[in-house]
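The structure appears below as structure tokens.
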Amino acid sequence: MRKRCHIVPPRACEDYWSEFRHCKSLKNCFHHYYTYGTVPSCQQWKEDYHNCREWEKHRGTEAKEALRRSEKIRVAEQRNFIPVWQLRQEPPRDWHVPLNQEKPQDS
């Protein structure tokens, strides 16, 4: 007898709903508007949630492919961000020297 492989979506459906609720929250809308000057678009999270439910209930191939494409795009967008800080390979040479508290640092 062959084992059946249980295929699951990349995330739990509740995760998509949670992301949608967070996206629509007042705090997030205010932050997004302050940062980017626009209200965030949360429609993709809602579509992903509905596609996930469709996949869980009916195993619809269209819903599965839509979820797969959406996650692929989301991961690709995350890779576009470059790190803000340059990572060090080792500590600075003078890391053990006490800081000069009297002299203000240049900014």
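The values are calculated or read from the model by the stated rules, or taken from the named source; none is laboratory data. The structure presented is a predicted model; accordingly, all values stated were derived computationally and were not measured. These accessible areas exclude ligands, DNA and RNA; they are computed on the full protein's heavy atoms, side chains included. Shrake-Rupley method; radii C 1.70, N 1.55, O 1.52, S 1.80 Å.
Provide Asp15, Asp94, Asp48 ordered by accessible surface of protein heavy atoms (probe 1.4 Å), highest first.
Ranked from most to least accessible, the order is Asp94, Asp15, Asp48.
Which entry is the computed Rg/Rh (Cα atoms, Kirkwood Rh) for this structure: (1) 1.24; (2) 0.98; (3) 0.95?
Only one listed value fits the structure, namely (1).
Once ligands and nucleic acids are excluded and a 1.4 Å probe is used, how much of Ile73 is accessible, expressed in Å² to the nearest 10?
100
Could you work out how far helix 43-58 tilts from the main Cα principal axis of the chain, as a 0 to 90 degree angle to the nearest 10?
Taking Cα atoms only, the helix is inclined about 40 degrees.
Show that you can apply the helix-only estimate: for the chain, add -39,500 (n - 2.57) for every DSSP H stretch of four or more residues, divide by all residues, and state [θ] at 222 nm to the nearest 500.
That comes out to -17500 deg cm²/dmol.
Can you send over the carbon and sulfur percentage of the accessible area for the chain, probe radius 1.4 Å, protein chains only?
The C+S portion of the solvent-accessible surface of the chain is 54 percent.
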